[in-house]
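Worksheet: one structure, shown below.
Read-outs throughout are calculated quantities, based only on the coordinates presented, and are distinct from any laboratory measurement. This structure is a prediction, so every number in the text was calculated from the model and none was measured. Reconstructed Cβ throughout: ideal geometry from the backbone, glycine too, with neighbour counts over all protein chains shown.
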Amino acid sequence: MTLDVGPEDELPDWAAAKEFYQKYDPKDVIGRGVSSVVRRCVHRATGHEFAVKIMEVTAERLSPEQLEEVREATRRETHILRQVAGHPHIITLIDSYESSSFMFLVFDLMRKGELFDYLTEKVALSEKETRPIMRSLLEAVSFLHANNIVHRDLKPENILLDDNMQIRLSDFGFSCHLEPGEKLRELCGTPGYLAPEILKCSMDETHPGYGKEVDLWACGVILFTLLAGSPPFWHRRQILMLRMIMEGQYQFSSPEWDDRSSTVKDLISRLLQVDPEARLTAEQALQHPFFERCEGSQPWNLTPRQRFRVAVWTVLAAGRVALSTNRVRPLTKNALLRDPYALRSVRRLIDNCAFRLYGHWIRKQWIGKVMAYV
């Protein structure tokens, strides 16, 4: 039995699933998972478009234990989504249906797709573009934590974009309720975004466990990745990558971070604290100076003398920019081969091609070897 089902298919449990098909008309596939498919669907009565996640839960694909685990995880996810419904930066669960063979979850249709795909196209984002994304993400995390919910799988793939480039946090499959003082021990999430305490907990039976602070570590990894175009913790050998995470080994290396502000570097360093007790909370992170520039600019109350000086500085600056532009030397092949990463436009082109070729980011030290064959 395949996941590409339609109302014309003769499902043994059609009577239990017909409510979904009577209300929605499934269309083209817009995403796939290990045991699920995501389709665009149309609400028959209104014509409004949504996205439906269809999960196959049959003995042909899963063992009885796995079947029960998937059903229980989906029910838990559904319960959490209904609890957080209405937040502007969390995906909205519209409907849910469960039959003996399939489970249907209907969500908002996020036409711009994943933040991960958007980042892949642009390679790296500016601080100006990153600021509202991270503010929205931290507001969603703050809301979850205030409701005693920990997400445990924050990453660009689970952040969706709507038509207005506003984000919605999605995929609550690993989310769970966590009461104050309660700790978790389960190893789950995505390797590059796992907090040190999750890894240490899985290796040490005496470890006290981890809490909602793991979400803030993941936020730090996401912020770093958006600005650098590559994750802070990465190595071809996963064991070495995990060691880097547990020791908090990362660098603001050149040239990716040369034009980034000290303010955003400070925020990242406060989120990527190995000690969860020293890590910023979501509320504290939102109060960081990095987000102050989000507020509307205040009018300047300048005296006539100050306005004259500003005008003079503006003219002088414009003249210097024009002069420096005229002095720019043309790009030569030798200059490009000597240091291709020195130019941002070339750097983004190289990173984008490398990502599409290898399926992950590669370190800039290898670029010289690649350019030798150009």
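Overview of values
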| item | result |
| --- | --- |
| Packing-based ranking, highest mean first, of 220-229, 24-33 given that Cβ atoms within 10 Å are counted | 220-229, 24-33 |
| Stokes-Einstein D (µm²/s) once Rh is taken as the Kirkwood radius of region 21-108 over alpha-carbon pairs, at 25 °C in 0.890 mPa s | 179 µm²/s |
| Residues with amide H under 5 Å from that of Gly113, placed H, sequence gap 5 or more | Leu161 |
| Highest-first arrangement of 135-142, 58-65, 234-241, 206-213, where packing means the average Cβ count within 10 Å | 135-142, 206-213, 234-241, 58-65 |
| ³J(HN,Hα) computed for each position of region 268-276 - Karplus, 6.51 cos²θ - 1.76 cosθ + 1.60, integer Hz, glycine/proline x | 4, 5, 7, 8, 8, 8, 4, 7, x |
| Cα-based convex hull volume of region 237-298 per residue, rounded to whole Å³ | 111 Å³ |
| Cα-Cα over 20 Å, subset of Lys183/Lys265; Lys183/Lys212; Lys112/Lys155 | Lys183/Lys265 |
| Distance in nm between pseudo-label sites at Asp163 and Thr120 (7 Å out along the Cβ direction from Cα) | 2.5 nm |
| Cα pair distances of region 81-217 binned at 5 Å [whole percent] | 2, 9, 17, 20, 19, 15, 11, 6, 1, 0 |
| Region 57-214: antiparallel DSSP beta bridges as a percent of all, rounded to 5 | 95 percent |
| Most to least packed among 264-271, 184-191 [average Cβ atoms within 10 Å] | 264-271, 184-191 |
| Rg/Rh ratio calculated on Cα atoms of region 113-291 (Kirkwood radius) | 0.94 |
| In order through region 98-109: 3J(HN,Hα) via Karplus (6.51 cos²θ - 1.76 cosθ + 1.60), integer Hz, x for Gly, Pro | 9, 10, 6, 10, 9, 10, 10, 10, 9, 10, 4, 8 |
| Relative contact order computed over region 113-291 (Cα-Cα under 8 Å; 6+ residues apart), in percent | 25 percent |
| Amide proton proximity set for Asp95, modelled H, under 5 Å, gap of 5+ | Val106 |
| Phi to ³J(HN,Hα) by Karplus 6.51 cos²θ - 1.76 cosθ + 1.60 over region 213-229, Hz, x for Gly, Pro | 4, 4, 5, 6, 4, 4, 4, x, 5, 5, 4, 4, 5, 4, 7, 8, x |
